[in-house]
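Taking it in order: structure first as structure tokens, then the write-up.
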Amino acid sequence: MSPLRVAAQRFLRTGSLMQTVEENAVEFLIPPTHRVKVLDQVALEDRRIEAVKQLVSLVAEQEAQVLMLKKRDTNRDTLLGVATKYPGVFQVHDEQDGLGKFISGTKYIDLTPEMDKLYRDELRVIKSRDELLSVNIVRKLLMMAVEQEISLTKISWLAADFGLPRDLDTGLVHRYPKFFNVRETNRGPVLKLASWDQDLTVTSREKTLLFSRAFPKTGFHLVERPRRRGYKAFQRLEFRSPYEPWQKPNVSKGSPVVEKRHIGVVHEVLSLLPRKRIALSKLTLLRAEMNLPKTFCSYLVRHPGIFYVSGVVEPPLVFLREAFFQNELKFKGPEDFIRDRYLILMQRQPVLDETS
């Protein structure tokens, strides 16, 4: 198989991750009501940016940063469709012979000067990520896990979402043996916590609100009127930190006490994400390790003040509501500003030749 075909298949591969993790499969229905249009727009923008980024990377990996597409190449029309849709990002050229005449069938894609600069800036931002912050994110995930261990393959799949380095499985975890152990199992390598750090057990709710009992009330008006009294009682329940060792409660699985703990786990996981949002299929990868029930996805729509699930994309995107004001993150990092620059270039229209 040609390198171009392999790269094109990687470009087109979307939503296939969960097909390899059947044990985490969940049934989930998003109600058609209570849509948050500004967050739906963010979800759509993310999907378009992801498609553009994959093609940008594909072009940048080619010799001289030029992607040649011949008539017989698989997925040629799809790649050209993306390139021609965003003239602020890509330049599409025809092949010329020695006399300057165009040869039909072969197309070339390269990056615009503005996109080339943005791509290099993005690489610098990624390279400058704080490694200690990445280490602490992985440690906190392991501290929430029931056995304080998670499949190394799963964490690697989620690395980009948590802002972790690409060499997580081959480099990062091996550079910090005092924090991590890697052991082989019949289901693949497992990453295990080597040492507990009580300073890392402060949840994001405790940091922002200075108390940990209640969750945010944003979207409370969306809760059906008959359930509001129960929702207020839910807020008054004791909040058990997701970092506390898991003990089987003396109550039924579906009780509000157990539900609140499960919500606390999902809330903290989303808080560790730089973008404060993640594909539902990826979130469910952690279900078994975090001891979440198969029905935990129902919490996401049952508590609209805490979470929002956008169904305008597939797989659906889960947002941490409190992290957003309208369609903007309240606290942006360098990579969020890179995203804004992508949107600016993607919205740029082609310059018309007034002489034609």
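Rounded to whole Hz and in sequence order, give me ³J(HN,Hα) for region 41-55 from the Karplus expression 6.51 cos²θ - 1.76 cosθ + 1.60, θ = phi - 60°, writing x for Gly and Pro.
With the stated coefficients, region 41-55 comes to 5, 4, 4, 5, 4, 4, 5, 5, 5, 4, 5, 5, 4, 5, 6 Hz.
Local charge sum around Glu268 (other residues, Cβ-Cβ under 9 Å, Lys/Arg +1, Asp/Glu -1)?
On the way: positive: Lys140, Arg205; negative: none.
Combined, the nearby Lys, Arg, Asp and Glu give +2.
Between the DSSP loop rule and a limit of at most 11 other Cβ atoms within 10 Å, which chymotrypsin sites (Phe, Trp or Tyr not before Pro) in region 293-349 are left? Could the numbers behind the result be given before it?
Numbers: sites: Phe296, Tyr299, Phe307, Tyr308, Phe319, Phe324, Phe325, Phe331, Phe337, Tyr342; in loops: Phe296, Phe331.
Answer in residue order: Phe331.
In nm, to one decimal, how far is the Lys117 label point from the Ile49 one, both placed 7 Å along Cα→Cβ?
Between Lys117 and Ile49, the simple spin-label model gives 2.0 nm.
Roughly speaking, what % of Cα-Cα pairs in region 133-177 are separated by over 11 Å, rounded to a whole number? List each step's numbers first, then the result.
On the way: 651 of 990 pairs.
Counting pairs separated by more than 11 Å, the tail of P(r) holds 66 percent.
Say each of Lys178 and Lys207 gets a label point 7 Å from the Cα, pointing the same way as Cα to Cβ; how far apart are those two points in nm?
Output for this residue pair reads 2.2 nm.
Where a number appears in this text, it was derived from the coordinates with a stated rule and is not lab data. Treat the numbers as computed from the prediction; the structure is a model and nothing was measured. Glycine also receives a Cβ, built like all others from the backbone with ideal geometry; neighbour counts cover every protein chain displayed.
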